[in-house]
Amino acid sequence: MSLNFESVLIVTYGRSGSTLLQGILNNIDGVLVRGENNNFIYGLYEAYKKLIDTCNNQHTSQANHPWYGAEEINLELFLDYCQQMVRNILLPDKKNDKNIVCYGFKEIRYFEVYQQQKNIADYLDFIAKIFPKPAFIFNVRNLDDVLKSGWWVNTDQVESRNQLMQLQNAFYTYQKNHPKNTFIISYEEVISQSDNFQLLFSFLGAEYPENIDKILSTPHSYDYKNIQTYQNFMLKLTPPSLYNHLFRVCQIDNVPNKILPGKEFNLAGVVIPTNNQISVSAIYTVYSGQVIHGELGLSSPVYGKKYPGVKVSQNARFKFHNIIVNELAKLNIFVEINNYQKIEIATLYAS
């Protein structure tokens, strides 16, 4: 496939999972997405706005006029110089590499831009002028998880949520007005490899990576808690934000350090519904076409004290006994609630 764009910009805010998305895009042949740069391009944008204001002043050819020569300012030449400079700064080691057919960067400081001017559209329009055939990828995340992460924890939670929601609305508005070169993807959609995540590659004109599980298991940013790596396998946990309306607790907390092909091993954890109207009717995995059920209702006195209002919290632990897998196995673990709704909570990859 040939790529649909010559540049790609990840537009987001802090703790959105954008470093993971950056890493994924860098696994596409011909694509190079750099990390944050302290939003230095905003300075070029401000210079551009000042030049526009200068051009709008009354001009005169008289050398003693305060705005003498303003009519000679060439805005298109400024944009051309900006494009050359930005590419050389982002790709100093690869500026002559013909294999790089699409380049860009990810930046989280659009939050600050929105705080300053309550608008990001004009700034994004400027970026589109200095990047060739650009694609804007808006990266969002469940705000409950964002506000629990990094520096957001120490901010005014109500105010931060309100501002982040406004910024996300600005993303959606820009996407609506520029549907051909914009795409919105959430961290949860990336981790769960949703249909929308797969559509992202079609949007870019790229093949869906065959090694996506390996890419997702590679640590990105400061921490990466959804992927747990062990001696010869990994456990990918579905983000809790995808099902926190169903469960107060849903986790696998007892995992062997190593899984030997053909040898038995156990997995254990705890699952507690949000209320007494939701019942966990089964937990199971499927291997070689066979459904393997875990044992439910095991004693959990600690959780019983923590969640006394949920009847099953006293016996909320589960355990898979004597599971056997061969090399390169993939186990999807599901929770069934109320005898009909199936929720995938984790995937185990043995190698």
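Laboratory data are not the source of any read-out in this text; all were calculated from the coordinates shown. Just so we're clear, the structure is a prediction, and the values are computed from it rather than from any experiment. Backbone-built Cβ (ideal geometry, glycine too); neighbour counts: all protein chains shown.
The loop-placed trypsin sites (Lys or Arg not before Pro) in the stretch 158-197, going by DSSP, that have at most 14 neighbouring Cβ atoms within 10 Å of their Cβ come out as LYS180. Considering the chain, its Cα convex hull presents a mean projected area of 22.9 nm². When the chain is treated as a GNM with alpha-carbon contacts under 10 Å, the residue of PRO66, PRO239, PRO261 showing the greatest mean-square fluctuation is PRO66. Annotation note: chymotrypsin sites (Phe, Trp or Tyr not before Pro) in the stretch 286-351 located in DSSP loop regions with a Cβ neighbour count of at most 13 within 10 Å are TYR340.
Taken along the Cα-to-beta-carbon direction at a fixed 7 Å, the label points for ASN196 and GLU6 span 3.0 nm.
In straight-distance terms, cross-link reach from LYS49 covers every one of the aspartates and glutamates whose alpha-carbon lies under 14 Å from its own, apart from those fewer than eight places away in the same chain; here that gives GLU76, ASP122, ASP125. Net charge dipole, the chain: roughly 1020 debye, given to the nearest 20, about the Cα centre with Cβ charges of +1 for Lys and Arg and -1 for Asp and Glu. Here the stretch 63-91 and the stretch 135-163 have alpha carbon centers that stand 37 Å from each other. Taking ILE278, ILE185, ILE108 as the candidate residues, the one with maximal mean-square fluctuation in a Gaussian network model of the chain, Cα springs under 10 Å, is ILE278. Is the stretch 227-350 best put as rounded, prolate or oblate by its Cα gyration tensor, with a ≥ b ≥ c the root eigenvalues, rounded for a/c under 1.5, and otherwise prolate when a/b is larger than b/c, oblate when not? Prolate is the answer for the stretch 227-350, as a/c is 1.5 or above and a/b outweighs b/c. Whole Å is fine, so just give me how far the alpha carbon centre of the stretch 274-288 lies from that of the stretch 30-61. What the calculation gives is 55 Å, centre to centre.
Calculated from DSSP H runs of 4 or more alone, at -39500 (n - 2.57) each and per residue, what is the 222 nm mean residue ellipticity of the chain, nearest 500? Taking each H run of at least 4 residues, the total per residue is -9000 deg cm²/dmol. Cross-link pairs exceeding 21 Å in C-alpha to C-alpha distance, out of LYS95/LYS180; LYS106/LYS133; LYS50/LYS106; LYS129/LYS180; LYS133/LYS176; LYS148/LYS305, comprise LYS95/LYS180; LYS50/LYS106; LYS148/LYS305. Hey, in the GNM for the chain with a 10 angstrom Cα cutoff, which one of ASN275, ASN88, ASN57 fluctuates hardest? Between ASN275, ASN88, ASN57, it is ASN57 that shows the largest mean-square fluctuation. Looking at the stretch 260-351, the trypsin sites (Lys or Arg not before Pro) that sit in a DSSP loop and have at most 12 other Cβ atoms within 10 Å of their own Cβ are LYS263. Relative contact order for the chain: 16 percent, from Cα pairs under 8 Å spaced at least 6 residues apart, divided by residue count.
Beta-bridge orientation, the chain: approximately 65 percent antiparallel, per DSSP, counting only bridges with both partners inside.
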